[in-house]
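Step one of this worksheet: look at the structure below.
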């Protein structure tokens with residue numbers, strides 16, 4: 001389990017509860033919970049440890065070899081202790097791992113986007129080079 005914990009998006013904020021490997025579907029499912037005991041609410045900047053409830057999020061993470069990775073993340077909802085605050089209940093944020101309402105981890109989103117832009121750049125550059133060299137050696141490129 002120690003090796004798996006090092007592969008988590010942020011091992012300082014997350015605790016690995018269990019891991020399940022489905023070889024037929026090629027999916028690794030990680031059951032992970034946040035280990036934060038108190039959080040700061042970004043609206044009013046008040047620190048609280050008063051838990052309202054728990055809920056689960058399902059996230060897609062980077063693939064491990066030929067297996068896609070799914071993270072079932074247990075996070076908390078907290079009470080805001082500032083009585084002047086408009087929102088008395090808020091959800092724990094894990095900004096280094098996932099954006100609010102996202103279904104992919106930040107590192108997966110960045111990897112997918114960078115791979116897409118790399119392919120786009122390489123294909124557009126290759127087409128330009130192929131057209132120029134094809135013209136020079138009189139080989140038609142369609």
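The values are calculated or read from the model by the stated rules, or taken from the named source; none is laboratory data. None of the values given here were measured: they were computed from a predicted structure. Don't worry about glycine lacking a Cβ; one is built from the backbone with ideal geometry, like all the others, and counts go over all protein chains shown.
At a glance:
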quantity: Residue check for residue 31: under 15 Å from residue 7 (Cα atoms) and in contact with a helix residue (DSSP H, G or I) (Cβ under 6 Å, 6 or more places away or on another chain); calculated: no
quantity: Residue 19, sole failed condition from (1) more than 12 Å from residue 91 (Cα to Cα); (2) out of contact with any helix residue (DSSP H, G or I) (no Cβ under 8 Å at 6 or more places or on another chain); calculated: (2)
quantity: Candidates 20, 45, filtered to the one that is loosely packed, with under 11 Cβ neighbours inside 10 Å, over 14 Å from residue 105 (Cβ atoms) and without any contact (Cβ under 8 Å) to a residue 60 or more places away in the chain; calculated: 45
quantity: Residues being more than 23 Å from residue 18 (Cα to Cα) and either surrounded by fewer than 13 Cβ atoms within 10 Å (Cβ to Cβ) or touching a strand residue (DSSP E or B) at 6+ places or on another chain (Cβ under 7 Å) (or both) - total across region 59-90; calculated: 11
quantity: Residue match in region 97-106 (condition: without any contact (Cβ under 8 Å) to a residue 40 or more places away in the chain and in contact with a strand residue (DSSP E or B) (Cβ under 7 Å, 6 or more places away or on another chain)); calculated: no
quantity: Qualifying residue in region 99-108 (condition: at pLDDT 70 or above and loosely packed, with under 12 Cβ neighbours inside 10 Å); calculated: yes
quantity: Considering residues of region 8-26 that are in a loop (DSSP other than H, G, I, E, B) and either farther than 16 Å from residue 67 by Cβ or touching a strand residue (DSSP E or B) at 6+ places or on another chain (Cβ under 7 Å) (or both) only, the residue modelled with the highest pLDDT; calculated: 26
quantity: Residues within region 61-96 that are in contact with a helix residue (DSSP H, G or I) (Cβ under 8 Å, 6 or more places away or on another chain) and touching a residue at least 60 places away in the same chain (Cβ under 8 Å), tallied; calculated: 1
